[in-house]
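Take this structure first; my questions come after.
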Amino acid sequence: MKKVVFVIAKELFRDEEYIEPKAVLEKNGIYVTTASSIIGKCTGRFGATAASQMKLEDIDPSKFDGIFFIGGPGSYDFHHDKKAHDLLKKAVELGKVIGGICAGVATLAFAGVLKGKTATSFPGVSNDLTANGANYTGKGVEVDGEIITADGPQSAKAFGEAVVKVLNG
């Protein structure tokens, strides 16, 4: 069974960007672990709750097939988080699938893993992508090799479908 991690903010993650892709992955037999800066209850922007099973710093990328940063206003907490950057760099070194949706994509940009890659995101962080070497498109979903990015809640289901497709080769 394939296993991935969804990294969400402890507060103000974007509800549908977490719920919809997670449902798509689970429907396709992919196990989703939820991680955050805390263990326990996390709250979405519109009131959804999710149980974080592990802290960001405890994620061992060798034990997962993919790592994804979920957007929303709270996701800005990870943009300049060294632990998040180190996790993403290690995942790339190990050949893992990585990605993000909405403002969560900026964490990948600041980690340096989007340099030379085609990517999309919430338009409000598009300058962060281009400033860090990404080729920003503004499309709903972009797949560049092992990196999957999406623009926001309107593409949440398609993001999940792209993750399934890449993970299943």
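Take Thr120 and decide whether it is among the hydroxyl-bearing types (Ser, Thr, Tyr), crowded, with 21+ Cβ neighbours inside 10 Å and within 20 Å of Ile38 (Cα to Cα).
Taking the combined requirement at face value, the residue does not satisfy it.
Quick check on Lys139: is it part of a loop (DSSP other than H, G, I, E, B), in contact (Cβ under 8 Å) with a residue 12 or more places away in the chain, over 12 Å from the mean Cα position of the chain (by Cα) and under 19 Å from Glu17 (Cβ atoms)?
yes
If you go through segment 139-156 one residue at a time, do you hit one that is closer than 19 Å to Ser75 by Cα, modelled with pLDDT of 95 or more, surrounded by fewer than 21 Cβ atoms within 10 Å (Cβ to Cβ) and of a type in the set (Gly, Ala, Ser)?
yes
Continuing with this model, one more query. For Ala84, indicate whether it is outside any strand (DSSP E or B), in contact (Cβ under 8 Å) with a residue 40 or more places away in the chain and closer than 21 Å to Ile147 by Cα.
In short, yes.
On to the next question. Can you find a residue that is in contact (Cβ under 8 Å) with a residue 60 or more places away in the chain, in contact with a Gly (Cβ under 6 Å, 6 or more places away or on another chain), small (Gly, Ala, Ser) and not in a loop (DSSP other than H, G, I, E, B) anywhere in segment 70-79?
For segment 70-79, residues in contact (Cβ under 8 Å) with a residue 60 or more places away in the chain, in contact with a Gly (Cβ under 6 Å, 6 or more places away or on another chain), small (Gly, Ala, Ser) and not in a loop (DSSP other than H, G, I, E, B): present.
Shifting gears a bit: Against the condition buried (at least 21 other Cβ atoms within 10 Å of the Cβ), aromatic (Phe, Trp, Tyr), under 23 Å from Glu26 (Cβ atoms) and at pLDDT 95 or above, how does Phe46 come out, does it pass?
So Phe46 does not fit the description; no.
A follow-up question, please. What tally of residues in segment 19-56 results from selecting those that are farther than 11 Å from Val7 by Cβ, touching a residue at least 24 places away in the same chain (Cβ under 8 Å) and not in a strand (DSSP E or B)?
Number of matching residues: 15.
The values are calculated or read from the model by the stated rules, or taken from the named source; none is laboratory data. Quick caveat: nothing in here was measured; it's all calculated off a predicted structure. All Cβ positions, even for glycine, are placed from backbone atoms using ideal geometry, and neighbour counts span all protein chains on display.
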